[in-house]
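The values are calculated or read from the model by the stated rules, or taken from the named source; none is laboratory data. Given the structure is predicted, the values throughout are model-derived calculations rather than measurements. Note: ideal-geometry Cβ built from the backbone for every residue, glycine included; neighbour counts use all protein chains shown. Side chains included, ligands, DNA and RNA excluded: accessible areas come from the protein's heavy atoms. Shrake-Rupley method; radii C 1.70, N 1.55, O 1.52, S 1.80 Å.
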Amino acid sequence: MRFEISKVLDAIEGRVCTDPALARAVVDLAEVIRWQDLDGGRPASLLRLGMVLDALARQMEEDSVPVYAIVHRALLSDADLTSNERMVVRRWADDGLVEVLDQPGDRVLEVADLLGLPVLTRVRFDGLTGRLPWLGQAGRLLAPVPGAGGPVFIAHVGGGQAPSTGPRSAAGQQLLTRQWRCPEPGCALFGAGGGGGAFADLARVERSPAGQPPPTLRGGAPACPRHGVRLSDGGPRPRTEVLAVRIGGLVRRRFVVTEDQPVVVGRAPEQAGGIVLGQWLNDEARRWISRGHVRFELRVGEVVVTDTSTNGSGIRPGGSLAEADRVALAPRQSRVLGEGDFVELYPGVQIGRAEELPSAAKFTPASVMAEAPTMAMRLPRV
Ligand SMILES: [Zn+2]
């Protein structure tokens with residue numbers, strides 16, 4: 001059983017990040033783990049984050065929707081969590097996947113404000129709408145509560161259950177044009193090259209400066225939320241483009257291409273940071289799609305796709321699914337991805353810009369809790 005729980009925690013790990021381009025909602029982890037009514041289980045459980053992640057994926061009709069988690073430092077030694085759970089959170093902290101803070105204060109609201117993200121919380125933040133008007137918009141403050149098939153969201157204001165995003169605040173836009181350096185050695189958020197803690201050797205992918213979290217503002221100056229010190233300007237932040245993988249009509253995941261980091265997508269790419277599609281493919285698609293099938297690069301703001309496969313790919317210009325419009329992309333051929341274009345590795349296996357490639361099929365989610373033992377999954381009757 002312990003082994004199965006570890007697998008669930010690993011699955012959850014794939015859905016926490018501090019990357020401004022990928023995070024879709026903000027949570028306070030100390031709050032989420034204590035929502036005992038979600039499963040009627042022990043006082044604190046990290047699996048509740050998995051339940052909330054699943055609810056968010058259902059609402060957004062996508063697999064793998066990551067959240068930006070703020071973690072109170074006290075949680076790392078919270079006796080209500082298992083030692084395994086505490087170790088996992090420490091690993092996330094060391095890898096910069098979550099923000100660990102001594103005094104989280106209103107950092108949840110600050111991140112949501114800077115990035116334009118919804119907040120999943122049961123706190124109402126009454127009286128703050130004057131300072132943060134977006135708190136009054138529908139879908140920006142949602143409370144996960146017990147529902148028939150897992151948590152559902154209810155709105156604090158404005159009605160509706162659907163999380164909504166807004167524009168990044170002016171400060172957020174400005175902060176995210178630069179990369180930042182924390183003077184603290186081994187800073188997992190603003191260091192040179194990712195985590196430096198006890199688990200640094202386990203960090204799989206070096207953090208691109210393009211994926212740095214938004215700094216906190218102290219007296220108008222950018223500071224490290226973890227260490228509380230002023231950050232120095234490390235130059236312009238590399239440009240990014242968010243791409244989405246749609247398989248069988250459902251967006252399975254998003255990923256970021258930056259000017260300094262090309263990304264290979266395929267059945268099982270060997271390159272670090274490669275996007276693995278294998279788990280979503282049927283046997284025929286697995287046979288057709290190469291381990292590393294296509295490579296995406298960002299060159300002066302344009303997305304360039306290069307076929308690196310044995311069998312080749314196709315381009316769907318402007319998103320057209322008419323066979324007559326399909327343009328073949330032969331092995332080793334490159335092409336600039338025009339507006340609305342997407343790449344098709346195999347019928348129904350498509351990659352394009354995230355905002356141009358919504359889910360089109362009935363949602364059949366791959367739960368992050370799929371490996372959870374039945375005991376952890378017992379839901380309260382509502
Ligand atoms: Zn720092």
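As a length-normalised measure over Cα pairs under 8 Å and 6 or more apart, the relative contact order of region 279-336 settles at 30 percent. Couplings 3J(HN,Hα) for region 110-115, derived from phi with the Karplus relation 6.51 cos²θ - 1.76 cosθ + 1.60 (θ = phi - 60°), are 5, 5, 4, 5, 5, 9 Hz, where x marks Gly and Pro. Cα centroid separation, region 321-336 to region 269-294: 19 Å.
3J(HN,Hα) couplings calculated from phi for region 44-51 with the Karplus curve 6.51 cos²θ - 1.76 cosθ + 1.60 (θ = phi - 60°) are, in sequence order, 10, 8, 6, 5, 5, 5, x, 5 Hz; Gly and Pro show x. Using a Gaussian network model of the chain whose springs link C-alpha atoms within less than 10 Å, name the residue from Val343, Val119, Val145 with the highest mean-square fluctuation. Among Val343, Val119, Val145, the largest GNM mean-square fluctuation belongs to Val145.
Per-residue counts of other Cβ atoms within 10 Å, averaged by peptide: what ranking do you get for 17-29, 266-278, highest first?
Per-residue Cβ counts within 10 Å, averaged per peptide and sorted highest first, yield 17-29, 266-278.
Normalised per residue, the accessible area of region 111-179 is 43 Å², obtained with a 1.4 Å probe and no contribution from ligands, DNA or RNA.
Here's how it looks for Ser164: its modeled amide H is under 5 Å from those of Arg140, which are all 5 or more places away or on a different chain. For region 240-356, the relative contact order works out to 25 percent when only alpha carbon pairs closer than 8 Å and six or more residues apart are counted. Heavy-atom surface analysis with a 1.4 Å probe gives the chain a carbon and sulfur content of 50 percent of its accessible area.
Our summary of shape: the Cα atoms of region 278-324 have principal axis extents of 37, 26, 19 Å, ordered from largest down, in whole angstrom.
I'd like the Kirkwood hydrodynamic radius of the chain, using the inverse of the mean 1/r over distinct C-alpha pairs, in Å. Let's see the in-between values first.
Details: mean 1/r = 0.0462 Å⁻¹.
Result for the chain stands at 21.7 Å.
Here the Karplus relation 6.51 cos²θ - 1.76 cosθ + 1.60, evaluated at θ = phi - 60°, turns the backbone of region 70-77 into coupling constants of 9, 10, 5, 4, 4, 5, 5, 10 Hz, with x for every Gly and Pro. For the pair Asn84 and Val300, label points projected 7 Å from Cα toward Cβ lie 5.3 nm apart.
Just to be sure I understand the model, the point goes 7 Å from the Cα along the line to the Cβ. What's the resulting Asp10 to Arg332 distance in nm? Each label point lies 7 Å from its Cα, and together they span 3.7 nm.
Using only Cα atoms, tell me the angle between helix 83-94 and the longest principal axis of the chain; keep it within 0 to 90° and round to the nearest 10. Between the helix axis and the principal axis of the chain, the angle is about 60 degrees.
Divided by 2.2 N^0.38 Å, where N counts the residues, the Cα radius of gyration of region 1-142 comes to 1.01. Each of Asp102 and Asp126 was given a label point 7 Å from its Cα along the Cα-to-Cβ line. The distance between the two points is 3.3 nm. Cα-based values for region 271-354, radius of gyration first and Dmax second, are 12.3, 38 Å. Dipole orientation for region 13-123: of the candidates Val67, Leu49, Val111, Leu49 has the Cα lying most toward the positive pole (charges on Cβ; Lys, Arg +1; Asp, Glu -1).
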